[in-house]
Structure formats: structure tokens, C-alpha cells
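Written out below as C-alpha cells is the structure these notes cover.
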Amino acid sequence: MNRNANNQRIIETDAFPFDFLSRLAARESWRKEVHRPIYHIHKWWATRLGSVFRGILLGAMLPEGSDFATEFYETREFSPLTVFDPFMGSGTTVGEAHKLGLIALGRDINPVAVASVQTALGPMDRVALEMAFEKLSQDVGERIRQLYQSKDFAGHACDVLYFFWVMEVPCVFCKRPVDLFPSWTIAANAYPKRKPEVQILCASCGEIFPGKQSQNSATCHSCGFTFNPKQGTAKGAKATCSACHRTFTILDAVGLLDARPGFRLYGKLVLTRDGRKEYLRATPEDHEAYEVCTVRLRDESGKGHIVLPALTLENGYNTRQAMSYKFTSWRDFFNDRQLLAFCWLHRAISNIPDAPVRLALRTLMSGTLEFNNLFASYKGEGTGAVRHMFAHHILKPERTPIEANVWGTPKSSGSFSNLFRRRLLRAIEYRRQPTEVNGTHGNGRLCAPAFTGRVEHAWPVEGRFSERAIYLSCGDSAKSGLRDHSIDLVVTDPPFFDNVHYSELADFFYAWQQLPLDADNRDRVTTRSSAEVQDIDARRFGRKLKGVLQECERILKDSGLLVFTYHHSREDGWKALAEAILGAGFVVVNSHPVKSEMSVAAPKAQAKEPIQLDIILVCRKKSSLPEPAPSTETTLETARKKMDRLHSAGFTLSRNDQKIVLFGQLLTTLRSLNETGCFAQAENKFKPVVYPKVATTPQGAFEF
């Protein structure tokens, strides 16, 4: 991988087809769990698009002048070249490198991330997994299904799809319990214009009856009470007591409690014998069935038959809001029926003798947790019914949580049995026949050999690698343990300088993943680490990132490339990044904008000027670049041309999109730390272009 005037990698040049990749990424982003199921077996944050990282890897190896669009769909074998990802996350770089025949090394400081990648890329035998799943279904699955039995309107036995709960707090004034309903409309369709029907809970007697999305007045079919279904008892930080009619601050009411608020079961959605769905109020029998679960949980845990998670929350940006509601243990995130079901399931999976099968099903169970807890809510009909707990980056207490059927039915959402088919089996099929997104009609093109399903046990500290091998490691990437000059490429997606600390959220899963069968030997630890490269302070973030990049500079061959993606809306985030790059001995030789994750994700949908782009930063060791940096005038012109290319490809660029394209290109002009003030100067002078909205979207069909 020598670099000279006639032998540049295509990613180092302005000919790199980031617009081509962006159109593929736009298609993949809408169903990324379908197009790349291997990276979605378990929850991880900011999972990057496989098509983008395949393009980065190809661009870092193909010479300038290559027919990139054709090469993208070719089956390639680049071994014995090595690729290292120091911020592995969900394993996108490692998986895409493996598909290209590279030797792939991935390291992450968080054990939850490493465990999920170990499952995704390690041994998975479909027949063995299906046999184990069937055995679980007949045993613990049947026991869990019995926990979700009830009666339909006609009194016939049926499966419960979802139970509906509401958070209760005491009135600050009269001390009576107050249900925190934001409205009395408890269910709607995801497409209200097409299906305006809703389900309304009577504010007086608790009956559930149908209504319309637009109505401001509803009369209960049972008791005749008339009320406004849009005005519940809770609004924002305040609630109004239905008994004394006084308004109070909800957190003041929580302060009166010794533990987290309780929840009241008020409704259910059942599946009748003939396959219909019925919304019904909760009956005394439903309440009694739940109380039986509470007694069984207390009895079985007291006798040591099951092990409950014991990890506690630690204060942080992502946990602070949950802790303000007195959620102090990760166990508090579940009701007693959910705890009982997951403890049974955990014990049954732990008894499976086949280690790879046991690991895969444990990972799947862990992934099921995000849809089955007191922070999950109801999205309604017309789409996956359960809104998982990480729809927001903070752990926001849910006032009207949904309790899904943990084992599941054919019409359930977020259940263990459904995720077995949609996540695990889909990933196995993808590993057997890896495909790439096809821009013309969306179907995948087969362009890689099957995954080996093998992860090496030993981290290659001696620098000896096996062809097309996968090496995974958990630890601080500022101390990789790899030999000097042993790596050809470093390709990664580092955590951004922001308030989202993955470890604070990952502890939710780790509380279950670290449970052994013997409660006396539990290791009550956290996935948090002082070395985690995430921080709300720009300087601390920069120092941590610099430490990892310095290690990358040490292990990277002199002819190698460091390529990573980044975006941030604030100038101090870019300044910290520039100081980390330059301080580690690298120089940015080019910058390319590319479509990032799904544009309608919650944080982006709420932003005034959402960023839908990532910036691909291409770096070389400073010692290998004797030529001068490009001028600022040339850089500004290049940045505008790249924006125009994206607009021509079908993207409308926000103000922040344009700003980060400019900032990314400015990085290519820097050669010393005293030049990093250019971002503040550029931001002061920045004048965005108003790009007209494109007539067609990049998700539409396109040929190449």
C-alpha cells in the first residue's frame, strides 16, 4: 500500500464515490436489520451501515482509477492484509472486512459489545439452534406462555399479546394514588390518516371502547361518562389528582415514596381463538394471576432456584432521570411477571450443554430485554407494537408502559420466539449467503463467500495471523497489545463527543449477562470504565481519543491508512477531534461526506437542523506526508463541490450537514495544533446554501 503520485488509494482522492455509497446507504438505512441482520442480533448504539464500511474498506485498498461501482459487487480476497477496529461496537468493520477476505481484528472496551459480536461472527449451527429452541419451547416456553393466559370478551381462554400498565404516585396533598395518564387514548394506528380508529379508556369506570383520532369528546359505552380523551391526568412534569383536583409536581410525589413508583394493571390486548385482537379492561382474574407471579418470584428466589439481577444504577447523564424516579437497581426496570419469565429463561438456557448454542441463545435473551421492561411503550397497530426502551438516549421512565408476552405468539412483537426467527435465523442465513444492497430493486447481490463462523481464541500479540481470521478482544484500545507496524488499515467509527455514554446504557444488559447460576459468586461490576472514549467535556474526550489514535499510529504500518467516520454540530467537538488526530501523529489527507444512519431516528427527528451525514476522514502518518497542505480557498471550493454532488444524488442538506462537510474538509488543511482555531473562524463566516428539495428520494430505484 505504498503512496505516490500514481499509486494513491481511491479513498485518498476526490474521485471516491461517496455519492454512490450514500444512495446505497439511504436504502439500507430504512431496513438495516434486514439488509445486514448480522449486526443486529443484539442492541448496540450507533450501529453503522455495512454498505458504507464495505465502501470504505474497498476505497482504502483499490487504486485510483478503479471502477468502484463494479468492484463493489465483486467477490474479493484481500488476505493477508490486516484491518483493526479499536471501537468495534456492533462489529460492522470486522464483518465487512471478513467478507472481503481480510484478516479482521476488533477490540472494544465494553463487554456487552464484544459478547454480541462474538455471537454474531462465531459458530452458529442452525440445526442445533432450532433443536435447542424447540426444546426450550416445549419446556420453559410453555411455562412462560401460561403466564400470559387470560379470557377474551366471550369468556374463552386466550393468549395475551400485551398487558397495559400505568404509573401511580401519591397525591402530594391528599395522598390518594394518582394514575399518570398523559391522555385517555391508549392505542392508535401507526398510520392515523389511513386508519383513524383509536382505543379509549374511560376516565371514570375504566372500560375500554373504540373511538376516533380527532374527537375531543367521548362517552363511555358502559357508564355513560362524557370526557375529553385527549386530556389525561399528567402533562409534562405535573399531574392533577382526580380526587382533590389539585395539581402537583410529579417528582415531589415520587419524593414521598421509599422506592420507585408502583404500576397499576388496567388493560390488555388478547388474541382470540379465531385470530382476532380484542382490547379489554383488566379483570380481577388478571390481577390475581399477576399476584401469583409475585408470590412465585419471591418464593423461588428465596430458595435459590432462580437468580435475580443485583447490579445497581450509577449516576450519569443517561441514568439520572431514571434514578430521579428512584429506579436504583436494574431489577427495578421489570415487573414481577417479567422477572419471573426471564429468570426461568435464563436458567433454562444456562443448562444447555452445547457452548455455542448456549452463547447464541443467551445473547438473544439479552436482546429481548429491551422490548420487555417497564420503560417499553405501545407504538400501536400497523407496525411493530412495542417501542423499545432505547427510543431515547436517556432512560426516560415510561408512565404508561406495555408488558409484552415474553415468549410470544405469531402476532407478538419483541418476544423471544419472534426475535429467534427475525434476528438469529435471519443472521444465520445472511452468514451463509452474504449480500449487498442493490440500488435498482433493493434485493441483495451475492458477492462474498460464506462466513467461516470461527473466531480465534487467542489475541495475536505476537503478530502472527491466520488467513481470513477474526480476532476479538475486550479492553482499552489505547493499550492494544499488538506489535509495532503490524496492521495495514485502521478503520473505525469512534464514539462521538456527546452526552451518550454507551456503558451507562449497556449496564441494563450486563446486569443479566453476568449472572451465573450460583448467586454467591456473582461479580457485581459495571461496564463503565474511566478509559471509555466518551465524555461531555471536549478536552477530556480529545485526550482519550488521542490515546487510542496514538496506539493506532504505533501498530499501523508506515504505508497504512487510518479511516474513520465522525460528525458533530459543535465547533468544540471538531477542535477536540483535530487535536487528537494531530497530537497522535496523523494528518487528514481527505474528507468525504456520506449518508449515515436512519434519518427518522428519534434524536434526528427532534433536531431543528438534523445531521443526516457522517464525514469519512482519511488519515496518514504525518511522517509520510512531505507535501504541503491544500489552501483554505481550495478547501472551501472542494467542500461546496462535494455538497453539490450529494444534492445531485438526491439529498437535501441541512445547515448542520453543510457545516460538517466544511469542517471535515478544513481538517485536510491542518498540519499543527496551533491551526485548530480555524473551525471557530469558519463557523462565524459560514453561510449555508438553501438547496431546493429534491423531487425524488434516494430510496427510489436507481441504476448502476
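The values are calculated or read from the model by the stated rules, or taken from the named source; none is laboratory data. None of these values were measured; they are calculated from a predicted model. Glycine also receives a Cβ, built like all others from the backbone with ideal geometry; neighbour counts cover every protein chain displayed.
Looking only at segment 612-639, filter to residues that are of a type in the set (K, R) and not in a helix (DSSP H, G or I); which one of those is surrounded by the most Cβ atoms within 10 Å (Cβ to Cβ)? Among residues in segment 612-639 that are of a type in the set (K, R) and not in a helix (DSSP H, G or I), the one surrounded by the most Cβ atoms within 10 Å (Cβ to Cβ) is R620.
Residues that are surrounded by fewer than 23 Cβ atoms within 10 Å (Cβ to Cβ) and under 20 Å from the mean Cα position of the chain (by Cα) occur in segment 347-363; there is at least one.
Filtering segment 209-223 for residues that are under 30 Å from G408 (Cβ atoms) and out of contact with any Asp or Glu (no Cβ under 9 Å at 6 or more places or on another chain) leaves a non-empty set. In segment 71-94 there is at least one residue matching the filter, namely being more than 30 Å from I208 (Cα to Cα), surrounded by 24 or more Cβ atoms within 10 Å (Cβ to Cβ) and either of a type in the set (D, E) or free of Cβ contacts under 8 Å to residues at least 24 places away in the same chain (or both). For beta carbons closer than 6 Å, sequence separation of 6+ or different chains, a first residue in segment 301-322 that is assigned by TED's automatic domain parsing to the domain that holds A341 and a second that is small (G, A, S) and buried (at least 21 other Cβ atoms within 10 Å of the Cβ), the qualifying pairs are P309/A511; L311/A511. Out of (1) farther than 27 Å from N405 by Cβ; (2) in contact with a helix residue (DSSP H, G or I) (Cβ under 7 Å, 6 or more places away or on another chain), what's the single condition that is false for P261? Answer for P261: the failing condition is (1). Being among the β-branched types (V, I, T) and closer than 21 Å to S324 by Cβ, is that true of even one residue in segment 221-234? The answer is yes, given that some residue of segment 221-234 is among the β-branched types (V, I, T) and closer than 21 Å to S324 by Cβ. Listed here are the helices (runs of 4 or more DSSP H) enclosed by segment 1-105 that have at least 1 residues being touching an Asp or Glu at 6+ places or on another chain (Cβ under 9 Å) and over 30 Å from H388 (Cα atoms): 50-59, 92-99.
Under the condition of being in contact (Cβ under 8 Å) with a residue 24 or more places away in the chain and either over 36 Å from the mean Cα position of the chain (by Cα) or assigned by TED's automatic domain parsing to the domain that holds P170 (or both), which residue from segment 207-227 is surrounded by the most Cβ atoms within 10 Å (Cβ to Cβ)? For segment 207-227, the residue satisfying everything is A218.
Residue pairs whose Cβ atoms lie under 9 Å apart, separated by 6 or more positions or on different chains, with the first residue in segment 281-295 and part of a helix (DSSP H, G or I) and the second hydroxyl-bearing (S, T, Y), are E285/S150; D286/S150; A289/S150. In this structure, E370 does not qualify as surrounded by fewer than 22 Cβ atoms within 10 Å (Cβ to Cβ) and modelled with pLDDT under 95.
Condition check ((1) touching a Gly at 6+ places or on another chain (Cβ under 6 Å); (2) farther than 23 Å from F371 by Cβ; (3) modelled with pLDDT under 95) across all residues:
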site: F53; (1), (2), (3): no, yes, no
site: S79; (1), (2), (3): yes, yes, yes
site: G89; (1), (2), (3): no, no, no
site: S116; (1), (2), (3): no, no, no
site: E130; (1), (2), (3): no, no, no
site: Q146; (1), (2), (3): no, no, no
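Do you know which of the residues in segment 532-546 that are in contact with a helix residue (DSSP H, G or I) (Cβ under 6 Å, 6 or more places away or on another chain) and assigned to a helix (DSSP H, G or I) is surrounded by the fewest Cβ atoms within 10 Å (Cβ to Cβ)? Per the criteria, the residue is A538.
Look at segment 421-436: where a residue is outside the structural domain of E74 (by TED's automatic domain parsing) and a partner is in a helix (DSSP H, G or I) and of a type in the set (A, V, I, L, M), sitting 6+ places away or on another chain with Cβ atoms under 6 Å, you get L424/L364; A427/I38; Y430/I38.
Tallying residues that are of a type in the set (S, T, Y) and either surrounded by fewer than 23 Cβ atoms within 10 Å (Cβ to Cβ) or more than 25 Å from T652 (Cβ to Cβ) (or both) within segment 30-59 yields 2.
Residues in segment 642-660 that are of a type outside the set (S, T, N, Q) and closer than 12 Å to V689 by Cα: M643, D644, H647, L653, R655, D657, K659. Filtering segment 171-225 to residues that are within 22 Å of G380 (Cα to Cα), assigned to a loop (DSSP other than H, G, I, E, B) and in contact with a Leu (Cβ under 8 Å, 6 or more places away or on another chain) leaves F181, W184, E207.
Only residues that are farther than 14 Å from R570 by Cα and either touching a Phe, Trp or Tyr at 6+ places or on another chain (Cβ under 6 Å) or part of a helix (DSSP H, G or I) (or both) were counted in segment 640-675, giving 19.
Within segment 564-575, residues that are assigned to a helix (DSSP H, G or I) have Cβ atoms under 7 Å from residues that are at pLDDT below 85 and hydrophobic (A, V, I, L, M, F, W, C) in these pairs: E571/F679; E571/A680; G573/F497; W574/F679; K575/F679, counting only partners at least 6 apart in sequence or on another chain.
Among the numbered conditions (1) touching a strand residue (DSSP E or B) at 6+ places or on another chain (Cβ under 8 Å); (2) part of a loop (DSSP other than H, G, I, E, B); (3) of a type in the set (A, V, I, L, M), the only one that A154 does not meet is (1). Among all residues of segment 619-631, there is at least one that is closer than 14 Å to I581 by Cα and either under 28 Å from the mean Cα position of the chain (by Cα) or not assigned by TED's automatic domain parsing to the domain that holds F564 (or both).
Annotation: of all residues in segment 505-531 being outside any helix (DSSP H, G or I) and farther than 29 Å from A104 by Cβ, the one that is modelled with the lowest pLDDT is D518.
Given the conditions (1) without any contact (Cβ under 8 Å) to a residue 40 or more places away in the chain; (2) surrounded by 21 or more Cβ atoms within 10 Å (Cβ to Cβ); (3) over 27 Å from S22 (Cβ atoms), and given that L582 satisfies all but one, which numbered condition is not satisfied? So the condition that L582 fails would be (1).
Mind checking whether some residue in segment 238-252 is closer than 26 Å to D507 by Cα, of a type in the set (A, V, I, L, M, F, W, C) and either assigned by TED's automatic domain parsing to the domain that holds P397 or crowded, with 20+ Cβ neighbours inside 10 Å (or both)? Yes, segment 238-252 has at least one match.
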